Amino acid sequence: MNAFLSDTRHLLIRHLRTTIRIPIWIAVTIIQPVIWLTLYGQLFRRVVEIPGFGAASYIQFLTPGVVIMTALFGSAWAGMGILEDLTDGVMDRMLATPVSRAALITARVLHASVTVTAQSIIILLFGMALGARIPGGLPGFAAILLMGALLGAGFSALSNGLALVTRREETLIAVINFFGLPLTFMSTAFMAADLMPGWIRRIAGANPVNWAVDASRQAMLGGNWSEVVKTCLMLLGFALVSVWISTQAFRAYRRSS
């Protein structure tokens, strides 16, 4: 256990340093959600006037959705890092050392969660500057960060698993583009559930992105905390299952290499 924790910490630091050394990537991943908040917040601000929308301010409604959307897309690209390590031979060199095999996946999942948390803080603060409010206070703020981190952990694990199975950038990019936007638009990130077609609402009920968006709004408003806790546990389960899938993909890679 001590070796696992130590190796995870060292690998996590390595991944964080790699991220910090690419400032353009950091800038884009922060600026893009800010643009979404600014443009979508203005473009659709009058949709709250539609009967049944159920919100007084669209920026208030949109901010949690953009936080979770950023967590989805930021973590979905996590597999690109492991593909780079596979191409450069870094993974094979790692496997020739006594480093904990579980740490190789865990560190990448934690890196995605840390990155998502940092992005979420900036987006929430910017949303507040545009007029969003968090009546739920610090607990609400923290709960949104937690849900974003758990969602990011789950999708980063799936991304890493897919990268290990396919070992091709083209395939990973195609899958991310195919599922990314549908998962977002089949949630309440941009539109109230009561205004969605029935079939989309049914799909949204099984969509982890929608779980996180709905519960983030509850946390933001300081509403139904039992529902927030329930959703956090569901997202934790999603993350654990995703990590297990990624671990199985890693074992398959080791057997074939």
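The values are calculated or read from the model by the stated rules, or taken from the named source; none is laboratory data. Worth saying up front: this structure is predicted, and the values here are computed from it rather than measured. Virtual Cβ from ideal backbone geometry, glycine too; neighbours counted across all protein chains shown.
What about Ala55, is it touching a residue at least 40 places away in the same chain (Cβ under 8 Å) and either farther than 12 Å from Ser120 by Cα or not in a helix (DSSP H, G or I) (or both)?
Values: touching a residue at least 40 places away in the same chain (Cβ under 8 Å): yes; either farther than 12 Å from Ser120 by Cα or not in a helix (DSSP H, G or I) (or both): yes.
In short, yes.
Among the listed residues Met147, Met128, identify the single one that is under 16 Å from the mean Cα position of the chain (by Cα), modelled with pLDDT of 90 or more and under 24 Å from Gly222 (Cα atoms).
Met147
Can you report the number of residues in the stretch 39-52 which are surrounded by 14 or more Cβ atoms within 10 Å (Cβ to Cβ) and in a helix (DSSP H, G or I)?
The initial filter retains those residues of the stretch 39-52 that are surrounded by 14 or more Cβ atoms within 10 Å (Cβ to Cβ), namely 40-41, 44-45, 47-48.
Filter once more, keeping what is in a helix (DSSP H, G or I): 40-41, 45, 47-48.
Final tally of qualifying residues: 5.
If Glu84 meets every condition in (1) part of a helix (DSSP H, G or I); (2) farther than 17 Å from Arg17 by Cα; (3) modelled with pLDDT under 90; (4) not basic (Lys, Arg) apart from one, which number is that one?
Evaluating Glu84 over (1) part of a helix (DSSP H, G or I); (2) farther than 17 Å from Arg17 by Cα; (3) modelled with pLDDT under 90; (4) not basic (Lys, Arg) leaves (2) as the failure.
Of the residues Ala71, Ala103, which is touching a residue at least 40 places away in the same chain (Cβ under 8 Å), over 30 Å from Arg217 (Cβ atoms) and not hydroxyl-bearing (Ser, Thr, Tyr)?
Ala103
Anything in the stretch 150-192 that is part of a helix (DSSP H, G or I), at pLDDT 90 or above, surrounded by 16 or more Cβ atoms within 10 Å (Cβ to Cβ) and small (Gly, Ala, Ser)? List them, or say none.
Gly152, Ala153, Gly154, Ser156, Ala157, Ser159, Gly161, Ala163
Identify, please: which residue in the stretch 131-144 is surrounded by fewer than 16 Cβ atoms within 10 Å (Cβ to Cβ) and outside any loop (DSSP other than H, G, I, E, B) and is, among those, nearest to the chain's Cα centre (by Cα)?
Ala142
Out of Arg108, Arg93, I need the residue that is surrounded by fewer than 24 Cβ atoms within 10 Å (Cβ to Cβ), assigned to a helix (DSSP H, G or I) and of a type in the set (Lys, Arg). Which one? Give the steps one after another, and end with the answer.
Values: Arg108 fails: surrounded by fewer than 24 Cβ atoms within 10 Å (Cβ to Cβ).
Unique residue meeting the criteria: Arg93.
I'm trying to understand the selection: among the residues of the stretch 19-38, which are at pLDDT below 85 and surrounded by 12 or more Cβ atoms within 10 Å (Cβ to Cβ)?
Result: Thr19, Trp25, Ile26, Thr29, Ile30, Gln32.
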